[in-house]
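Colleague: Just passing along the structure, written as structure tokens.
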Amino acid sequence: MLAAAARLLDNHFKLFCSPNHFFLPGSPRMAFRSFFTTNGIAARDAYEAWSCREWPSLAPVFDTQPPAGGFFANSETFGFRDLAVTRSHITGLAFARSGHRIRVDEIDHLGVLILFDGSQAGDAEGRSIACGGGVVLADLSRRAQWISSTSRTMTFAIPRAIAEEILPPVRSLHGLVLSAARARPLMDYVQALSPHLLGFSLASGPSLARAFLHMLALVIEHSAVPELEGDTRTILRLAARQRAETLIEQHLHDPAFGVQELARLLGLSRSALYRMFEPDQGVADFIRGRRLQRLRAQLADPADHRRIAEKAYASGFPDPVQLVRMFRRAYGMTPVEYRAAMLDAGMRTSRESE
């Protein structure tokens, strides 16, 4: 009974949706949104209710088997013209995109799986899939199989024609895995975008898809990516630079933190990182400058009574000799002289105000 009801609802939904377009009756301007949860469904029926869902759910796009233990799934799908976005929290399963599935549904999309929690391992026509967090790309017109653990994900399904306007041929991306470190700008971007999806219009799908693809191209670092529009390139560069600066601020206290570690956290090459900070004479100079600025602010604070050596170490300067040399070159005096000058200036200001 439950399975029949689920199929009836899915067939009704399919009247308004196709793999390429979404139409929401009575609301021609807003995005389509659907929820699915196994909460409240009997345990014996939960897997079948999930697996019977139609597109834009990816459940019927793959062959799966009921898990040995309990099954649960919670998902929210946003449908636009030429774009489907789904957020999910689901039990671990074995998935297979078989030749039969490909022939029957004729879905010809780039699938982008963003794995926030959990892991996946499998094969995409000879390309090994091993992801413990990050991004997995799939050509949905080709075979693939993998096993996933319980996971939290966000998936994007984008028609091949739109994807190949910006990315290399989708066929060449099948099974490509981007680590969480490399894909972090993209993962941060979709998490920031997620709460606002319902506010976009139904017709904004192609624009949203292209904005997402530009960010994906940035983390892939594909050399043949077409020139981005000026405003888009500027926004992406600013976003990447802002994340880099945030990471630097978070690690200024660590003397071991430098260019190599920052490049690893951002998933960028050292040369790409240098280009990002080229106006500041490179990333190493930028980090050094921020450490000096932090130390100077601490030295000027009359309420901060720590010893100068403690302040220096907390700003990432473990070598006092090197610090004195750099501080004098930047500010024309040693840290001790600067601290004394700031305290003296503060005392004069206090007397004058009395």
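Computed from the coordinates by the stated procedures, all read-outs in this text should not be read as laboratory data. Note that this is a predicted model, so its numbers are computed, not measured. Glycine gets a Cβ as well: all are built from the backbone with ideal geometry, and neighbour counts include every protein chain shown.
Colleague: If R0 is 35 Å, what FRET efficiency do you get for D254 and H196 from their C-beta distance, rounded to 0.05?
Modeller: 0.55
Colleague: Further question on the same structure: Given a Förster radius of 56 Å and the C-beta distance between V104 and R325 as r, what FRET efficiency does 1/(1 + (r/R0)^6) yield to the nearest 0.05?
Modeller: Once the sixth-power term is evaluated, E becomes 0.20.
Colleague: Another question, then. Binning at 5 angstrom from zero up to the longest distance, how are the C-alpha pair distances of region 240-353 distributed in percent?
Modeller: Taking every Cα pair in region 240-353, the percentages come to 2, 11, 21, 19, 16, 12, 9, 5, 2, 1, 0.
Colleague: Just grab the label-to-label distance for D45 and R33, each label 7 Å out from Cα along the Cβ direction, in nm (one decimal).
Modeller: With each label placed 7 Å out from Cα toward Cβ, I get 2.7 nm.
Colleague: Express the relative contact order of region 238-354 as a whole percentage, based on alpha carbon pairs under 8 Å and six or more residues apart in sequence.
Modeller: After rounding, I find 24 percent.
Colleague: Here's another thing I want to ask about it. Once you place label points 7 Å from the Cα toward the Cβ at A130 and R142, how far apart are they in nm?
Modeller: That separation, rounded to one decimal, is 2.0 nm.
Colleague: Over region 147-217, consider all pairs of different Cα atoms and compute the Kirkwood hydrodynamic radius from their mean reciprocal separation; express it in Å, one decimal.
Modeller: On the way: mean 1/r = 0.0732 Å⁻¹.
Mean inverse Cα-Cα distance, inverted, gives 13.7 Å.
Colleague: Length gain on complete extension for the stretch D123 to D301, per 0.36 nm per residue less the alpha carbon to alpha carbon distance?
Modeller: Here the segment from D123 to D301 would lengthen by 58.3 nm.
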